[in-house]
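The values are calculated or read from the model by the stated rules, or taken from the named source; none is laboratory data. This is a predicted model, so every value here is computed, not measured. Cβ placement follows ideal geometry from the backbone for every residue including glycine, while neighbour counts extend to all protein chains displayed. Only protein heavy atoms, including side chains, enter the accessible area calculation; ligands, DNA and RNA are left aside. Shrake-Rupley method; radii C 1.70, N 1.55, O 1.52, S 1.80 Å.
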Amino acid sequence: MGLVNYLHTIHCYGAVDLKYRMFIVSILAVMIVILNFSPILASAKDVYYSNEVAVIVYHHIDEFEQNSVTITPRLFERQLVSLQRKGFHFITMDQFKDFKNEGKPVPDNALLITFDDGYESFYTHAFPILKKLHIPAVNFVITKDLDDPKKSKLATLSKAEIKQMRSEDPNIEFQGHSDELHAMKDGKPLLSNKVVLNGKLETEVEFKSRIVQDTRKCMDKLKELNASNNVDSYAYPYGSYDDTTISYLHEAGIQYAFTTKAGIASEWTDAMQIPRINGGSPFVRPHSISNLIKQAKREQSLLASSK
């Protein structure tokens, strides 16, 4: 009987020990979850920059295709959620303009989300995510595509889609990316280079007229759609521009122009040379997009200190 009692005791203690171990495992699992989230919650209080705005640029969102300017909807959403958790604050285009034009304050770690080219994927994939997360954005549209959005290789936004998004969320805006100047001729961007007309290189007067007329045409099309509170902003096609381009766009009514150069915008940044950071690459993972912003800030600070 002694042996039987001994074995019974071992079995009981073994059962207790198993329950104890399961309890410890459960506690550890909860601690891991807490530790996973606590750095995010703590870092949400960090201030990476103040009185500045980081502008992020995207292009195309696709479920399957990925390239240097195309990411999946899942990655796009995870990037935005990561930025929210780390204490970045998304602002509207109007807030950005007030900051640049009037010096009105913006939140610490301010971010402006932009898209180029006006692809339909903004409507089908990006807009639902932006709306769900309550994040404002601006899309720079090639307005010639509005007349036949299914014509190009990648479908573009229709007039009806723009109107719908504007009615559902007025913090989603649409600005200019030219009407017909998002193209190359002889390997050179049309916006910033003279072209040959009737066998002759266009004169400066002809060049200026082409740029100003195209820009005004682009702006008029967007105004007809109530695409923005004020249609006065532009993203340079291919990121190509010079002082002459700036002066002609300014004459056409453009007050804010966005580049493809990396950096962070301050109150003193030239409003016609606003830098942006590319977030629309599959290599920009959710945890690393904030590092790109911090890196741009560090490089900008080093450049400023060296002057």
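May I ask you to verify whether GLU202 is closer than 22 Å to MET184 by Cα, open to solvent by 50 Å² or more (accessible area, probe 1.4 Å) and either of a type outside the set (Gly, Ala, Ser) or under 22 Å from the mean Cα position of the chain (by Cα) (or both)? Before you say what the answer is, go through the steps one by one.
Working: closer than 22 Å to MET184 by Cα: yes; open to solvent by 50 Å² or more (accessible area, probe 1.4 Å): no; either of a type outside the set (Gly, Ala, Ser) or under 22 Å from the mean Cα position of the chain (by Cα) (or both): yes.
Criteria not met by GLU202.
For LYS208, are the conditions met, namely being buried (at least 16 other Cβ atoms within 10 Å of the Cβ) and farther than 29 Å from LEU302 by Cβ? In short, yes. Name, by its number, the condition in (1) at pLDDT 95 or above; (2) surrounded by fewer than 15 Cβ atoms within 10 Å (Cβ to Cβ); (3) among the hydroxyl-bearing types (Ser, Thr, Tyr) that does not hold for SER288. Every condition holds for SER288 apart from (1).
Within segment 167-180, being crowded, with 18+ Cβ neighbours inside 10 Å and either among the charged types (D, E, K, R) or part of a loop (DSSP other than H, G, I, E, B) (or both) holds for ASN171, GLU173, HIS177, SER178, ASP179.
Based on what the data block shows, is ASP147 at pLDDT below 95, open to solvent by 20 Å² or more (accessible area, probe 1.4 Å) and either in contact with a Cys (Cβ under 6 Å, 6 or more places away or on another chain) or not small (Gly, Ala, Ser) (or both)?
Working: at pLDDT below 95: yes; open to solvent by 20 Å² or more (accessible area, probe 1.4 Å): yes; either in contact with a Cys (Cβ under 6 Å, 6 or more places away or on another chain) or not small (Gly, Ala, Ser) (or both): yes.
Yes: the conditions hold for ASP147.
Looking at the structure I just gave you, is SER288 over 24 Å from ILE142 (Cβ atoms) and not charged (D, E, K, R)? When the stated conditions are applied, SER288 passes them.
Here MET184 fulfils each of the conditions (1) touching a residue at least 40 places away in the same chain (Cβ under 8 Å); (2) open to solvent by less than 50 Å² (accessible area, probe 1.4 Å); (3) within 24 Å of THR260 (Cβ to Cβ) apart from (2). Restricted to segment 153-166, and to residues there that are assigned to a helix (DSSP H, G or I) and open to solvent by less than 60 Å² (accessible area, probe 1.4 Å), the residue that is farthest from ASP232 (Cα to Cα) is GLU161. Filtering PHE99, PHE115, PHE127 for residues that are open to solvent by less than 30 Å² (accessible area, probe 1.4 Å), in contact with a Gly (Cβ under 9 Å, 6 or more places away or on another chain) and not polar (S, T, N, Q) leaves a single hit, PHE115.
For segment 62-97, a tally of residues being in contact with a helix residue (DSSP H, G or I) (Cβ under 8 Å, 6 or more places away or on another chain), assigned to a loop (DSSP other than H, G, I, E, B) and over 17 Å from SER50 (Cα atoms) returns 2. Look at (1) more than 16 Å from ASP179 (Cβ to Cβ); (2) surrounded by 15 or more Cβ atoms within 10 Å (Cβ to Cβ); (3) at pLDDT 95 or above; (4) polar (S, T, N, Q) and you find that GLN300 fails only one, number (3).
Across segment 221-269, the qualifying residues are those that are open to solvent by 80 Å² or more (accessible area, probe 1.4 Å), assigned to a helix (DSSP H, G or I) and among the charged types (D, E, K, R), and the one among them that is nearest to PRO189 (Cα to Cα) is ASP243. When we screen PRO107, PRO128 for residues that are at pLDDT 95 or above, farther than 29 Å from ARG210 by Cα and touching a His at 6+ places or on another chain (Cβ under 7 Å), the only hit is PRO107. Among the residues in segment 59-81, are any at pLDDT below 95, closer than 30 Å to ASP270 by Cβ, surrounded by fewer than 19 Cβ atoms within 10 Å (Cβ to Cβ) and polar (S, T, N, Q)? Yes, because at least one residue in segment 59-81 is at pLDDT below 95, closer than 30 Å to ASP270 by Cβ, surrounded by fewer than 19 Cβ atoms within 10 Å (Cβ to Cβ) and polar (S, T, N, Q).
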